[in-house]
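Structure first, then comments.
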């Protein structure tokens, strides 16, 4: 398992698969599987049994995970997809940087 370059709340661009070219916000990072769940991207339908009288069953639409290699971080300053680097600041804090612009992403 590699160090995750993406965090919850990051804006990403899908670069491969049926959703290619779409952007969305990361809802959840599944580090053990190297996958991310992106808001309103890779939607699937699941049949759900009723849990109780208050919670009816039916067909539920939800996001399926995407592999991290199929998404790319969108640089907040340039609004273009970028690779992610790491840099240690003078005060010892480690931050993520955009390889495209060189600016701090965090």
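The values are calculated or read from the model by the stated rules, or taken from the named source; none is laboratory data. This structure is a prediction, so every number in the text was calculated from the model and none was measured. Backbone-built Cβ (ideal geometry, glycine too); neighbour counts: all protein chains shown.
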_Please count how many residues of the stretch 65-85 are farther than 19 Å from residue 18 by Cα, in a strand (DSSP E or B) and free of Cβ contacts under 8 Å to residues at least 60 places away in the same chain._
2
*So is residue 51 surrounded by fewer than 15 Cβ atoms within 10 Å (Cβ to Cβ), assigned to a loop (DSSP other than H, G, I, E, B) and at pLDDT 95 or above or not?*
no
*Would you be able to tell me the number of residues in the stretch 87-98 that are over 16 Å from the mean Cα position of the chain (by Cα), surrounded by 13 or more Cβ atoms within 10 Å (Cβ to Cβ) and either assigned to a loop (DSSP other than H, G, I, E, B) or touching a residue at least 60 places away in the same chain (Cβ under 8 Å) (or both)?*
0
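Residue by residue, here is whether (1) within 11 Å of the chain's Cα centre (by Cα); (2) over 25 Å from residue 81 (Cα atoms); (3) assigned by TED's automatic domain parsing to the domain that holds residue 84 holds:
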position	(1), (2), (3)
9	yes, no, no
18	no, no, no
42	no, no, no
46	no, yes, no
57	no, yes, no
*Since residue 36 meets every condition but one in (1) under 22 Å from residue 97 (Cα atoms); (2) part of a loop (DSSP other than H, G, I, E, B), which condition does it not meet?*
(2)
*Only one of these is assigned by TED's automatic domain parsing to the domain that holds residue 29, under 18 Å from the mean Cα position of the chain (by Cα) and modelled with pLDDT of 95 or more: 68, 84. Name it.*
68
